[in-house]
Amino acid sequence: MIAESTKPDSISLEKLVVLKPDLVVLGIGMGKQVAFADTIDNLDIQTIVIDNETLADYLKWVKVIANINGKPELYDDALANVLAPIQEILLKVPAQNNPKALMMQVNKKGTLVAYRSGTTAAGLMKDLKAINVGDVLSDEAYDKTKGVDKVTLSFEAVLQDQPDLILLKHSSKNKDARGFVAKQFADNAVWNAYEAVKNDAIYDLPPNFYHYKPMKNYKEAYEYMAKILYPEIFGEQSKTYE
């Protein structure tokens, strides 16, 4: 890593000048990495800017990077071991009577956001034909340049279009998201009016699949989500994760 720290936007231009790599790969949504692209190009170092938000993006960039490294067979492996099993899952998804779900995140300050289908995690939910109630929300303060399709969440805003399921997206720092929201919203009348809350249909999402990009684990991420949405087809999924 050519950086000053583990933060994604801490690229060290001084180290780049010394090491003179053939190629620098930058990621949209990875802090301010993209802002370095022109500067790095001016150092006569080639750059690629990757937008890796969906399964299609992942497969596209696997193909590009595999070809750059002279190993096109790695793309064939991804098609066989990632895409093909996911296609089998999607073929089993019913075409109607699909569940409504809210994917949300809350931090310790009480800030609430809902994830729309443009994100990696909620995009999986869309592929599995769930109805994302967060997609109807709008947010004037939302900044699309940040690369994350999320909006400020008001429980009242989705009360009329109640979700059947609530999916809690969080980082590895908060392993008991279910317990956290139960305590945080214990006295919130609107939250407690949700049928999903009354039915305890609230699921912690593993951060390695849904907070971070699942990458080679896309198949497992689809399987996990499919069990939440369609337990009668794919089997029961625990409401917490190991």
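The values are calculated or read from the model by the stated rules, or taken from the named source; none is laboratory data. All figures in this text were calculated on a predicted structure; none of them were measured in a lab. Positions of Cβ are generated from backbone atoms using ideal geometry, with glycine treated the same way; all protein chains shown enter the neighbour counts.
Values for this structure:
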| item | result |
| --- | --- |
| Meets criteria (under 20 Å from Leu205 (Cα atoms) and surrounded by fewer than 19 Cβ atoms within 10 Å (Cβ to Cβ)) for Thr120 | no |
| Flag if Lys183 is modelled with pLDDT of 85 or more, in a helix (DSSP H, G or I) and either touching a strand residue (DSSP E or B) at 6+ places or on another chain (Cβ under 8 Å) or outside the structural domain of Tyr230 (by TED's automatic domain parsing) (or both) | no |
| Residues of the stretch 4-59 classified as modelled with pLDDT of 75 or more, outside any helix (DSSP H, G or I) and either hydrophobic (A, V, I, L, M, F, W, C) or touching a Cys at 6+ places or on another chain (Cβ under 6 Å) (or both), total | 9 |
| Test: residue in the stretch 200-219 that is assigned to a helix (DSSP H, G or I), farther than 20 Å from Val133 by Cα, in the same structural domain as Val136 (by TED's automatic domain parsing) and basic (Lys, Arg) | yes |
| Candidates Val82, Val62, Val113, filtered to the one that is in the same structural domain as Leu128 (by TED's automatic domain parsing) and either part of a helix (DSSP H, G or I) or modelled with pLDDT under 95 (or both) | Val113 |
| Of residues in the stretch 16-75 being hydrophobic (A, V, I, L, M, F, W, C) and more than 27 Å from the chain's Cα centre (by Cα), the one surrounded by the most Cβ atoms within 10 Å (Cβ to Cβ) | Ile40 |
| Selection count where residues are in contact with a Lys or Arg (Cβ under 8 Å, 6 or more places away or on another chain) and closer than 28 Å to Ala121 by Cα, scope the stretch 35-52 | 1 |
